[in-house]
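This report concerns only the one structure given below.
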Amino acid sequence: MVEIVIFSTLNGLVTGLLLFMLASGLTLIFSMMGILNFAHASFYMLGAYFAYSVSLFLGFWPGLIVAPLLVGVLGALVERYGLRYVHKSGHVAELVFTFGLAFFIEELVQFAWGKETKNYQQPEILDFPLFTLFGQNFPAYKGFMIFISIAIFIGLYQVITRTRIGLIIQAAISHPNAVSSLGHNVPLIFMGAFGVGTALAGVAGVIAGPVLTTFPGMALVLGSIVFVIVVVGGLGSLTGALIASLLIGLLQSYAIALEFAVNDLLALFDISFDADHFLNDLWTLSLPQIAPVLPYLLLVLILIFRPTGLLGKRET
C-alpha cells in the first residue's frame, strides 16, 4: 500500500506539473488580455513537432530552445494579424477565431508531418533511473519535467508580481489609455504577452512529446483538461492554475492506481443489488474506469459552489 501511495503521488505530481506547464501560458494570456485561446493546445502540439524536427539534426537540447521561440513568434503573429482585429468584435468572435485556428493547425501538422506517430525521444543523458524504491525506478526525465515546471512557475510569478515589466502589463489591462499616455506601446505589450503564452505551450510540447508521444491528435488529448484547470484554479490566477493542475494530476493518478469499484463502496454500508439490476453496469464501475471523467466532475462542483474558481477573482 505504501508503494502505491508513493508512486501514485510521484506520477500525480509529474502529470499535474506537466498540465501546469500547458495551463500557465493560457492563464497568462487570459489574465493579461481576457482571451480564452481555444487553439492553445495546438501551439503545444506545434512545440512538440518543431522540437522533433530540430532534434533530427541538432538533438533534443537545441529543440528545447528553438521550438518554443518559433511557437512564440507564430503566436505573436497570430495576435498581431488576427486576434487584434477580431478582438474588436467581442469574446464570441475571439472564441470562434481560436476554435477555427485549432482545426487549421491540426490540418497543417498532418500536411507537413503526416498522420503517423513520430519517434521523438528523450535525451540519452536523462535516460536513467533517478532513484529506485520498492524495486521500481523513477525516471530521471520525469524529475527533469518536475524541475522545469517549478522553474516556470517561479519565473512567471516573479516577473508578474515583482518586476517593472509585470507592473506595466497589469496596468495595461485595466488602464490601457493611461499606460499609453505614459509612452508605453500597449498593443506591443499584448502581442508580447500572447507570444510568451504560446511559447510556454511550446515548452510543454517539447517536454511532453517524448513521454506522451508526438502525433496529430495530441492537442485534443489535453486541450479540454487545460480549460478545466484554468476554470477550477480561477480565471487569470497563476497560483490557482498550479493548485488545480496538481489536484487533477493527483486525483487521476490515485484513481488509476486504486482498484476500487462502486460495489465496494456500497458494501461498506451493507447495500447490495441483484446481478440482473438495470443499473448493474453502474455499480460495477471501478475508479480506473472513471478516472478520465473526474476532472470534469470537479469542474461541475467548482462551478456550483465557487464559480470564481479556487483563487480566481473573475466570474467564470
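Which residues, taken from the stretch 117-145, are farther than 17 Å from ALA51 by Cβ, of a type in the set (S, T, N, Q) and touching a residue at least 24 places away in the same chain (Cβ under 8 Å)?
Residues of the stretch 117-145 that are farther than 17 Å from ALA51 by Cβ, as a first pass: 128-140, 142-143.
So of that shortlist, the ones also of a type in the set (S, T, N, Q) come out as 132, 136-137.
The answer is GLN136, and nothing else.
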Is it true that some residue in the stretch 12-23 is surrounded by fewer than 20 Cβ atoms within 10 Å (Cβ to Cβ), among the small types (Gly, Ala, Ser), in a helix (DSSP H, G or I) and modelled with pLDDT under 90?
no
For the structure I just gave you, tell me whether PRO187 is modelled with pLDDT of 85 or more, farther than 27 Å from THR239 by Cβ and surrounded by fewer than 18 Cβ atoms within 10 Å (Cβ to Cβ).
no
Among the numbered criteria (1) out of contact with any Asp or Glu (no Cβ under 8 Å at 6 or more places or on another chain); (2) modelled with pLDDT of 90 or more; (3) surrounded by 21 or more Cβ atoms within 10 Å (Cβ to Cβ), which single criterion is violated by GLY234?
(2)
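Counting residues that are surrounded by 18 or more Cβ atoms within 10 Å (Cβ to Cβ) and at pLDDT 80 or above, which helices (runs of 4 or more DSSP H) fully inside the stretch 240-316 reach at least 1? Before the answer, list the steps.
On the way: elements: 262-267, 280-283, 287-290, 294-305.
By residue number, 294-305.
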Every listed condition ((1) part of a helix (DSSP H, G or I); (2) surrounded by fewer than 15 Cβ atoms within 10 Å (Cβ to Cβ); (3) of a type in the set (D, E, K, R)) holds for GLU116 save (1)
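Go through the residues of the stretch 94-103 one by one and say whether even a single one is outside any helix (DSSP H, G or I), touching a helix residue (DSSP H, G or I) at 6+ places or on another chain (Cβ under 6 Å) and charged (D, E, K, R). Break it down into steps so the answer makes sense when it comes.
Residues of the stretch 94-103 that are outside any helix (DSSP H, G or I), as a first pass: none.
No, the stretch 94-103 has no match at all.
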So which pairs qualify, if the first residue must be in the stretch 30-55 and over 15 Å from ALA112 (Cβ atoms) and in contact (Cβ under 8 Å) with a residue 40 or more places away in the chain, the second must be of a type in the set (Val, Ile, Thr) and surrounded by fewer than 22 Cβ atoms within 10 Å (Cβ to Cβ), the Cβ gap must be under 6 Å, and the two must be at least 6 apart or on different chains?
MET32/ILE173; ASN37/THR98; PHE38/THR98; ALA39/THR98
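I'm trying to understand the selection: among the residues of the stretch 91-103, which are free of Cβ contacts under 8 Å to residues at least 60 places away in the same chain and surrounded by 11 or more Cβ atoms within 10 Å (Cβ to Cβ)? It would help to see each step written out before you state the result.
The initial filter retains those residues of the stretch 91-103 that are free of Cβ contacts under 8 Å to residues at least 60 places away in the same chain, namely 91-97, 100, 103.
Once the filter is applied, which keeps residues that are free of Cβ contacts under 8 Å to residues at least 60 places away in the same chain and surrounded by 11 or more Cβ atoms within 10 Å (Cβ to Cβ), the stretch 91-103 yields HIS91, ALA93, GLU94, LEU95, VAL96, PHE97, GLY100, PHE103.
State which residue is modelled with the lowest pLDDT when the search covers only the stretch 123-136 and only residues that are farther than 27 Å from PHE57 by Cα and surrounded by 12 or more Cβ atoms within 10 Å (Cβ to Cβ).
The qualifying residue modelled with the lowest pLDDT is LEU133.
Yes or no, residue by residue, for (1) crowded, with 21+ Cβ neighbours inside 10 Å; (2) without any contact (Cβ under 8 Å) to a residue 60 or more places away in the chain; (3) touching a Phe, Trp or Tyr at 6+ places or on another chain (Cβ under 6 Å); (4) not in a helix (DSSP H, G or I):
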| residue | (1), (2), (3), (4) |
| --- | --- |
| GLY192 | no, no, no, no |
| GLY195 | yes, no, no, no |
| ALA201 | yes, no, yes, no |
| GLY205 | yes, no, yes, no |
| VAL211 | no, no, no, no |
Got at least one residue in the stretch 140-158 being over 22 Å from the mean Cα position of the chain (by Cα) and not hydrophobic (A, V, I, L, M, F, W, C)?
no
Among the candidates VAL226, VAL179, residue that is modelled with pLDDT of 80 or more and either more than 26 Å from GLY143 (Cβ to Cβ) or assigned to a helix (DSSP H, G or I) (or both):
VAL226
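Applying the selection to the stretch 34-90, what residues are assigned to a helix (DSSP H, G or I), polar (S, T, N, Q), out of contact with any Pro (no Cβ under 9 Å at 6 or more places or on another chain) and surrounded by 21 or more Cβ atoms within 10 Å (Cβ to Cβ)? I'd like the intermediate steps shown before the answer.
Step one: list which residues in the stretch 34-90 are assigned to a helix (DSSP H, G or I), which gives 40-58, 60-89.
Subsequent filtering for residues that are polar (S, T, N, Q) retains 42, 53, 55, 89.
Okay, now just the ones that are also out of contact with any Pro (no Cβ under 9 Å at 6 or more places or on another chain), so 42, 53, 89.
SER42 - this is the single residue of the stretch 34-90 that is assigned to a helix (DSSP H, G or I), polar (S, T, N, Q), out of contact with any Pro (no Cβ under 9 Å at 6 or more places or on another chain) and surrounded by 21 or more Cβ atoms within 10 Å (Cβ to Cβ).
Within the stretch 141-152, does at least one residue satisfy the condition of being assigned to a helix (DSSP H, G or I) and touching a Ser or Thr at 6+ places or on another chain (Cβ under 9 Å)? Write out each step before concluding.
Here is the first cut: in the stretch 141-152, the residues assigned to a helix (DSSP H, G or I) are 141-152.
Among the residues that remain, those that are also touching a Ser or Thr at 6+ places or on another chain (Cβ under 9 Å) are: 149, 152.
Yes, the conditions are met somewhere in the stretch 141-152.
The values are calculated or read from the model by the stated rules, or taken from the named source; none is laboratory data. A quick note: this is a predicted structure, and the numbers were derived from the prediction, not measured. Cβ: placed from backbone, ideal geometry, glycine included. Neighbour counts: every protein chain shown.
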